[in-house]
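Everything on this sheet refers to the single structure shown next.
The values are calculated or read from the model by the stated rules, or taken from the named source; none is laboratory data. Keep in mind the model is a prediction, meaning the values are calculated, not measured. Glycine gets a Cβ as well: all are built from the backbone with ideal geometry, and neighbour counts include every protein chain shown.
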Amino acid sequence: MKPTSLLSRRTAKPRRLRQSNGPSVSVLTKPVTNPTTPVRINPAPSRSRRGRLAFGGLSPVSTNHLMGVYNRAPLEVERGQGVRLWSTDGTEYLDCVSGISTNALGHAHPKLVQAVKDQAEKLWHVSNIFRIPGQEALADALCESSFADVVFFTNSGTEAVECALKTARKYHSANGQPERIDIYGFDGSFHGRTYGAINAAANPSYTEGFGPPMQGFHQLKWGDKDALKAAFENPTTAAVILEPVQGEGGCRATPDADLRWMREMADKHGVLIIFDEVQCGMGRTGKLWAHEWAGMTPDIMAVAKALGGGFPIGACLSTAEAAKGMTVGAHGSTFGGNPLAMAVGQAAFDEVSSDAIIANVNEVAGYLKQQLHGLAERFPDVIVEVRGKGLLIGVKLVPNNREFMGWARDEAKLLVAGGGDNLVRILPPLNITLEEAREAVEKFETACEFARTKLAA
């Protein structure tokens, strides 16, 4: 039977049909006896850029049906190339956000694009009940380039952190010490948005409203060595988790000497060290792993972001000893380590871990730091401090950092990220050129000049 037209004035009980490329739609299938009941007819959709149709032309594009958890900037991005982005109205921006340290090779890098194309034509997904050669190859590469012996692949950094937390507790359980569940983190840290991750960081803005704190998670003040010493000595401590260089928390780098001391204390008391290098790892600081600057290693490490160059992938790396409790059935993921992600991850890792990229990070970072310190001297009414490591740069500001981000975007066509302690983060691709870095400095100067006028008004 032909379905009744959606424009019919008659009402009917809808049944839900699903179109091949779109959401379910209501189709009138059974007329009722009251033909006078009004029917609301949607107006014709706009043909403007903002009103372009989605899902095969069923409804105009809007944000009305998106959960309101993001404070989005008024910018619609259409395409990217290298360090540049273009909005839907054609405006060009210099992207020093990089997906928040994710697009480590910029946008549309040809090797990553080719990796997607080649693998997509062969195999996207297969269950982890089968061997996936791409997993084995990328795990080999990661272990050969790090302290790790084993890897578990995830879809994100948050998932990698969750795996790391579970691995640490399982280790002690496997050793006959199930009471060792306490995990200590630091204020200003960020480990993701899942329930375990927000409790590990314990940032009130992320934990409020989600019920009581999870058992066994504790917060230390960053830099409080006495409190950390007591945590190591606590007989129920399982692990200490930290970012060697904090990202969202304000680009704070833990001193190298403190990291080496932590390694000594952990070994002495049987505690595991978990590093979250989701943002600061993968070449961002000028070494492949941020902890390499201190000449020490963790027991477990979470990585993601740059590992896929923008494609969703994460990994939990561990020594064989720390992972001894992660036996069959202890953990899993439907999509983690899928063939498509592995192909892109291998291509991204090959590039990011190259000597050329690491050398470029150090050269460009040195230039940017020098120039930004110069701007801080010229604009003491705007810039408080320049901090960070490598191309994870934080600029603490006098004006509100969110306002400054808007000024940089609108007045200078420069995109920067926010961060704790009222700073903005400069996170360009690791392959940014010196010439592009000079352009970034010029644009940041323009933003500072505009900020000065706004502050003086």
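Remarks
- Set GLU144, GLU159, GLU208, GLU179: member being assigned by TED's automatic domain parsing to the domain that holds THR254, under 25 Å from THR254 (Cα atoms) and among the acidic types (Asp, Glu): GLU159
- Residue that is nearest to the chain's Cα centre (by Cα), among those in segment 402-431 that are under 13 Å from ALA365 (Cα atoms) and in a loop (DSSP other than H, G, I, E, B): LEU427
- In segment 376-383 there is at least one residue matching the filter, namely being in contact with a Phe, Trp or Tyr (Cβ under 9 Å, 6 or more places away or on another chain) and assigned by TED's automatic domain parsing to the domain that holds CYS448.
- Matching residues in segment 443-457 - criterion: being among the β-branched types (Val, Ile, Thr) and either within 22 Å of PRO428 (Cα to Cα) or part of a loop (DSSP other than H, G, I, E, B) (or both): THR446
- Flag if ALA200 is surrounded by 24 or more Cβ atoms within 10 Å (Cβ to Cβ) and modelled with pLDDT of 95 or more: no
- Residue ID - surrounded by the most Cβ atoms within 10 Å (Cβ to Cβ), chosen from residues in segment 141-173 that are touching a strand residue (DSSP E or B) at 6+ places or on another chain (Cβ under 9 Å) and acidic (Asp, Glu): GLU159
- Those residues of segment 295-318 which are assigned to a loop (DSSP other than H, G, I, E, B) and either free of Cβ contacts under 8 Å to residues at least 60 places away in the same chain or within 19 Å of ARG180 (Cα to Cα) (or both), in sequence order: GLY295, MET296, PRO298, ASP299
- Residue check: ALA365 meets all listed conditions (1) closer than 23 Å to PHE152 by Cα; (2) crowded, with 19+ Cβ neighbours inside 10 Å but one, namely (1).
- Any hit, segment 327-335, residues being surrounded by fewer than 20 Cβ atoms within 10 Å (Cβ to Cβ), free of Cβ contacts under 8 Å to residues at least 60 places away in the same chain and touching a strand residue (DSSP E or B) at 6+ places or on another chain (Cβ under 6 Å): no
- Check on GLY286, assigned by TED's automatic domain parsing to the domain that holds ASN155, of a type outside the set (A, V, I, L, M, F, W, C), surrounded by 24 or more Cβ atoms within 10 Å (Cβ to Cβ) and within 27 Å of ILE432 (Cβ to Cβ): no
- Note on segment 174-187: residues that are crowded, with 22+ Cβ neighbours inside 10 Å and part of a loop (DSSP other than H, G, I, E, B) total 1.
- Only one of the listed residues (CYS280, CYS251) is in a loop (DSSP other than H, G, I, E, B) and touching a Pro at 6+ places or on another chain (Cβ under 7 Å). That residue is CYS280.
- The residue list ALA341, ALA359 contains one member that is small (Gly, Ala, Ser), closer than 18 Å to THR154 by Cβ and outside any loop (DSSP other than H, G, I, E, B), which is ALA341.
- Matching residues in segment 290-312 - criterion: being surrounded by fewer than 24 Cβ atoms within 10 Å (Cβ to Cβ) and more than 12 Å from SER101 (Cα to Cα): GLU292, TRP293, ALA294, GLY295, MET296, THR297, PHE311, PRO312
- Per this entry, LYS389 is counted among residues that are among the charged types (D, E, K, R), at pLDDT 95 or above and within 24 Å of the chain's Cα centre (by Cα).
- Counted residues, segment 368-386 - those being surrounded by 19 or more Cβ atoms within 10 Å (Cβ to Cβ) and touching a Gly at 6+ places or on another chain (Cβ under 9 Å): 1
- Test: residue in segment 225-243 that is farther than 24 Å from GLU321 by Cβ, without any contact (Cβ under 8 Å) to a residue 60 or more places away in the chain and part of a strand (DSSP E or B): no
- Residue within segment 432-444 that is assigned by TED's automatic domain parsing to the domain that holds PRO380, under 20 Å from the mean Cα position of the chain (by Cα) and touching a residue at least 40 places away in the same chain (Cβ under 8 Å) present: yes
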